[in-house]
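Presented below is the structure to which this report refers.
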Amino acid sequence: MGYVIRIFNYEFEVKELFLLFFSFFLMENIFSWLVLPNSVIILLYEKIMSLLIYALLLVSFHKLRKSEQIYLGVISFFVVRLVFESLLDYGTIFQQLTLYTILFPAIFIVFVRALCRSYDLDILEFLAKFYLAVYVIFMIIYGRGFSFSLNSVEMDDYGPFSGDSRIIHARSIFMMILPLLWFLNKYLKERATSALLWFLFCVIVIVIHQHRSVWASSLFSLGIYFFIVVRNRIISLSKTLKIFFSAALAILLLAFVISQLFPDMLTFFGERFSEILDPTREDGTGKFRADQRRVYFPMVLERPFFGWTFEGFEMKNPLVDWWPEKTGQHFHEGFMEMLFYHGFLGLILKYFYLLYLGFKAFFRNLDEKSGILIAFTLAGLIFSFSYVLPLIFWGVVGICLYYLERTELSLQTKNAQNIQINITPKPDQKTIELINHN
């Protein structure tokens, strides 16, 4: 056995930690910024790593599961098609590598799932604590200008920053839903006060950063979580109803206290929340996303199967003129990005496993870890209406698929043991008398 490193009460072998650090954790924007605060280098690193990961999967293709081989084969068809298109139309092997990185999350799912299987990793709790630690460290270093004012901040390199006084971009705050669900589940199962405090800390973080896309995603994931744990009898329905009743009372009490101490704050947050229900209003930031859908969706229908691919980078932006030419259309919405560049087939390919997990959410015999991960990953469907999902999110999708594998394998083993017990022949009376005589 190699050297072991202990972090957050989790023991990693050096090789495991090395692989996870360079191929997974550095894909988190605020963590990679702490390691190397330069977005040009970080983006270059992600592109190089994406090519290495794809090459590694192709080399170890025979070790993958049949379903993963089929999925990777379909992705490879898309990649080969793009290579031929680039050679024929532009005379280069790949005219815009960004077009590959848009598709890479589908490859990343397979890689992380296979990596977890190879080392039998059980890192959900570690991930929850990792996000808490990274958030706290990041805010200590860069959070001095935080305020509720939403004032714009001019920066030379925006990196993982939001560009205003919220400091951190929505794509990183979205990932805080994972520790939110973990510590909620831990408190409900163990009644540990520390778990409740960390859960409330996650709630405060999500609320004060004011990313409405994260608010909506959090509520959706909590709803999915309670649906799964009640359906699988992890938590009883009566206990769930008590939780909702207690939460409602706590929220009403908190609202009363805030209204007395800070009367304008409730109005402020109420107005911020109201845009979730009316995303296309003229004075809201959701208006730009609505404009993108209105302009680009008719173009999607012109090339519905494989999208505009490289031509999408060549054409002039029909909405704004502040981005450099031939840098793409800079979509805010994950769904529209895939539809425009890779068509409906590309959209189905990239979001296939999220649809599969949505299907699995209705299954019974899910354990609590799988339930937490399914609830988190399905929140990505909501978040994709506002932003392009971060790369590390798709890695967590791979982790979720791996946990489902573990659950299914455990059930198969248990059923096999039960069958073996049931088919064991019962000794007849003569055999029993002979045994007693001896």
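The values are calculated or read from the model by the stated rules, or taken from the named source; none is laboratory data. Everything quoted here is computed from the prediction, not taken from an experiment. Here the Cβ positions follow ideal geometry from the backbone for every residue, glycine too, while neighbour counts run over all protein chains shown. Side chains are part of the model used for accessible areas, which takes the heavy atoms of the whole protein and leaves out ligands, DNA and RNA. Shrake-Rupley method; radii C 1.70, N 1.55, O 1.52, S 1.80 Å.
Counting only protein heavy atoms and a 1.4 Å probe, the range 1-55 has 59 square angstrom of accessible area per residue. Taking 0.36 nm per residue of separation and subtracting the Cα-Cα distance, full extension of the segment from Met315 to Ala290 would add 7.0 nm. Between Leu87, Leu357, Leu349, the residue with the greatest mean-square fluctuation in the GNM of the chain (Cα pairs under 10 Å linked by springs) is Leu87.
Candidates Ser67, Ile93, Ser118 compared by Cα position along the dipole of the range 1-123: farthest toward the positive end lies Ser67, with charges placed on Cβ. When you restrict to C-alpha pairs under 8 Å that are six or more residues apart and normalise by the size of the range 35-115, the relative contact order lands at 35 percent. Working from Cα pairs under 8 Å separated by at least six residues, relative contact order for the chain is 18 percent. If the segment from Leu237 to Glu325 were pulled out straight at 0.36 nm per residue, it would be longer than the present Cα-Cα gap by 26.1 nm.
Around the Cα centre of the chain, unit charges on the Cβ atoms of Lys, Arg, Asp and Glu (plus for the first two, minus for the last two) sum to a dipole of about 1460 debye.
The residues of the range 173-247 expose on average 43 square angstrom of accessible surface per residue, using a 1.4 Å probe on protein heavy atoms. Only protein atoms count toward the accessible area here, which uses a 1.4 Å probe; on the range 1-123, the carbon and sulfur part of that area reaches 68 percent.
For Phe335, project a label point 7 Å along Cα to C-beta. Then give me every residue of the range 362-394 with its amide nitrogen under 12 Å of that point. Answer for this model: 381-387.
Here is the list for the range 219-300: trypsin sites (Lys or Arg not before Pro) lying in DSSP coil, each with at most 13 other C-beta atoms within 10 angstrom of its C-beta, are Arg233, Arg281.
If I take R0 = 56 Å and measure r between the Cβ atoms of Asp278 and Leu411 in this structure, what FRET efficiency does the formula 1/(1 + (r/R0)^6) give, to the nearest 0.05? My answer for the efficiency is 0.80.
Which helices pass in the chain if a helix is a full DSSP H run, must span at least 18 angstrom along its long axis by Cα, and must have mean Kyte-Doolittle hydropathy not below 0.0?
TM-like helix candidates: 39-59, 66-90, 98-119, 124-142, 177-190, 193-208, 212-231, 237-261, 263-277, 334-360, 368-383, 391-423.
Derived value for the range 337-388: Kirkwood hydrodynamic radius 12.0 Å. Basis is the mean of 1/r over every pair of different alpha-carbon atoms.
Evaluated with a Cβ-only charge set (Lys, Arg +1; Asp, Glu -1), the range 180-317 carries a dipole of roughly 760 debye about its Cα centre, given to the nearest 20. On the beta carbon distance between Ser60 and Glu271, with R0 = 41 Å, the FRET formula returns roughly 0.20. Dipole orientation for the range 145-241: of the candidates Ile234, Ser152, Val205, Ile234 has the Cα lying most toward the positive pole (charges on Cβ; Lys, Arg +1; Asp, Glu -1).
Full extension of the chain between Val230 and Ile7 yields a length gain of 77.0 nm, computed as 0.36 nm times the residue separation minus the alpha carbon distance.
Dividing the summed helix terms, -39500 (n - 2.57) for each DSSP H run of n ≥ 4, by the number of residues in the chain produces a 222 nm estimate of -23000 deg cm²/dmol to the nearest 500.
GluC sites (Glu not before Pro) within the range 289-357: which are DSSP loop residues with at most 11 other Cβ atoms inside 10 Å?
Glu325
With the charge dipole of the chain set up from +1 on Lys and Arg Cβ and -1 on Asp and Glu Cβ about the Cα centre, the Cα lying farthest toward the positive end among the listed residues Ile102, Val295, Val397 is that of Val397.
Accessible area per residue was computed with a 1.4 Å probe on protein heavy atoms; Phe352 scores about 90 Å². Diffusion of the chain by Stokes-Einstein, at 10 °C in a medium of 1.306 mPa s and with Rh set to the Kirkwood radius over alpha-carbon pairs, works out to 66 µm²/s.
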